[in-house]
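Take a look at the structure below.
Coordinate-derived values only; no laboratory data. What you are looking at is a predicted structure, and each value in this text was computed from that prediction instead of being measured. Cβ placement follows ideal geometry from the backbone for every residue including glycine, while neighbour counts extend to all protein chains displayed.
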Amino acid sequence: MVAIIINGITLSLLIFTILKNKTKAKKALVMSLVKAVNLLPMMLVIIVLIGLIFGFIPPEMIRNYLGSNESILQIVLASLFGAITMIPSLVALPLAGSLIEAGASYTPVAAFITTLTMVGFITLPVELKELGKKITILRNVFAFIFAIIISLIIGVLM
Amino acid sequence: MKKDKEKTNVKDKIKNGIYKSIKYILIIGIILIVLYIFFPEQIKSTMDISQRYGLEMITIFPAVLILMGLADVWVPKSLINKYLGKNSGLKGMLLSIFLGTLPTGPLYIAFPIAAELLRKKARISNVMIFLGVWASLKIPQISVEIKFLGVKFASIRFIFTLISIIIIGYLIEMIVEKSEVKV
C-alpha cells in the first residue's frame with residue numbers, strides 16, 4: 001500500500017519534471033543512481049543480516065534480550081547503539097522491522113531508530129566545527145534523553 | 001570545464017559504488033557458502049528471509065531514491081537559506097518543519113546550512129528544529145518506516161519526535177541566549 005502510494009507520487013513527479021525540464025529530470029535521475037549505488041553495499045549487508053538473524057538466532061533469545069521484559073538498561077543500550085552506529089536510516093528501518101517480526105518489543109527498537117537519526121557520534125566533528133561546542137553538546141544530550149522518553153511512550157502506546 | 005569535472009566525479013562515484021557492491025557480493029557469497037557447509041538448514045531459511053526482505057525493499061527503494069534525486073534538483077539549498085533566515089515566530093517554525101521534511105541529503109549537509117543560518121541571525125530554535133526534522137522526519141524515511149514498521153508505529157514516533165524536537169529547539173535557544181546575556 002505504502003509502496004503503491006510512494007511509487008505513484010514519484011512517478012507523477014518524475015513525469016512532471018520530464019515534461020517541464022528535461023535536463024533537470026536527467027540530473028535528478030543521475031543523482032538517484034549515485035545514491036543507489038552508494039547505498040547498495042550497505043543494503044546487501046542488511047538484507048543478509050536480516051536473514052541470518054532469523055536463520056541463526058532462536059526467537060526465544062531475541063525475546064529474552066529485546067523482548068517486552070523492558071529494563072532501563074536495555075533501552076539505554078539500544079539508544080547508545082543507535083547513537084554510535086552509522087547505518088543509513090533507510091536501510092536500518094527494514095532491519096528494525098525484522099527485529100520486531102523476530103520477537104523484539106517496540107521500545108528498544110524505537111530507542112535505536114530515534115538515536116540513530118537524532119544523535120550522531122560519527123558526525124560530531126562536523127557538527128562541532130559548524131555549530132560550535134555549546135550547541136552541539138546541548139543538541140546531542142537533549143536528543144539522547146528525549147529519545148529514551150519517546151521510546152518509552154511508544155512502548156506504552158503500541 | 002566545471003561541468004566536465006562534475007561529470008567525471010559522478011562517473012567515479014557510480015564506478016566506486018559498483019566496485020564496492022561487487023566486492024560485498026563476493027564476500028557475502030563466500031561467507032554464506034562456508035556457513036552452508038556447516039549449517040545447511042539455517043542458511044536455507046536465511047536465504048528465504050533475505051529473499052523476502054530483498055523483494056520488499058525493491059518495491060519501495062527505487063521510488064524513494066528517485067524522489068530524493070528530484071528533491072535535489074527542485075529544492076536548491078539556497079532556497080532553504082532564503083526562507084529560513086528571515087522568518088521567525090510560528091511561521092518560521094512551520095517553515096523549519098516543512099523544509100526539514102523535504103527529501104534532501106544527509107545530516108552532514110544540513111550542518112553547514114544551519115551554521116550559515118545562525119551567522120545570519122536566524123532564530124536559534126528554528127534552526128535547531130530544522131536540523132532535528134531534517135535528521136529524523138524526512139518524507140522518504142517515513143514511507144520506508146510505514147512499510148516495515150507499520151503506520152501506527154511511524155505516526156506515534158513522528159508526533160512525539162516532532163514535539164521533542166520543538167521542545168529541544170526552545171530549550172537550546174533559552175540556554176544559549178541566557179549564557180550570552182551573562183557574557
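The table below gives the values:
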| quantity | calculated |
| --- | --- |
| Charge tally in the Cβ shell below 14 Å around residue A:17, where Lys, Arg are +1 and Asp, Glu are -1, residue A:17 excluded | +4 |
| Average partner coverage of A:113-121, which counts Cβ from other chains inside 10 Å | 5 |
| Ratio Rg/Rh [Cα only; Rh per Kirkwood] for the protein assembly as shown | 0.98 |
| Within chain A, helix-based [θ] at 222 nm, where runs of 4 or more DSSP H residues each add -39,500 (n - 2.57), nearest 500 | -28500 deg cm²/dmol |
| Positive-end extreme of charge dipole, chain B - chosen from B:95, B:135, B:79 (charges on Cβ) | B:79 |
| Dipole magnitude of chain B about its Cα centre (Cβ charges: Lys, Arg +1; Asp, Glu -1), debye to nearest 20 | 660 |
| Dipole-positive endmost among A:31, A:77, A:154 within chain A (Cβ charges, Cα centre) | A:31 |
| GNM top mover of B:141, B:51, B:42 - chain B, alpha-carbon springs below 10 Å | B:42 |
| Exercise: per-residue mean of other protein chain Cβ atoms within 10 Å, A:106-112 | 2 |
| For chain B, calculated [θ]222 nm from helices alone, where every DSSP H run of n ≥ 4 adds -39500 (n - 2.57) | -31000 deg cm²/dmol |
| Proximal charge balance of residue B:145 [Cβ under 12 Å; K/R count +1, D/E count -1] | +4 |
| Per-residue Cβ neighbour rank within 10 angstrom, fewest leading, B:146, B:165, A:87, B:156 | A:87, B:156, B:146, B:165 |
| Kyte-Doolittle mean at least 1.0, axial Cα span of 30 Å or more - DSSP H helices of chain A | A:22-56, A:133-157 |
| Nearest-ten-degree value, helix B:2-38 long axis tilted from longest Cα axis of chain B | 50 |
| Positive minus negative residues near residue A:127 (Lys, Arg vs Asp, Glu; Cβ under 13 Å) | +3 |
| Per-residue Cβ neighbour rank within 10 angstrom, fewest leading, B:111, B:61 | B:111, B:61 |
| Ranked packing of B:21-34, B:66-79, most packed first, by mean Cβ within 10 Å | B:66-79, B:21-34 |
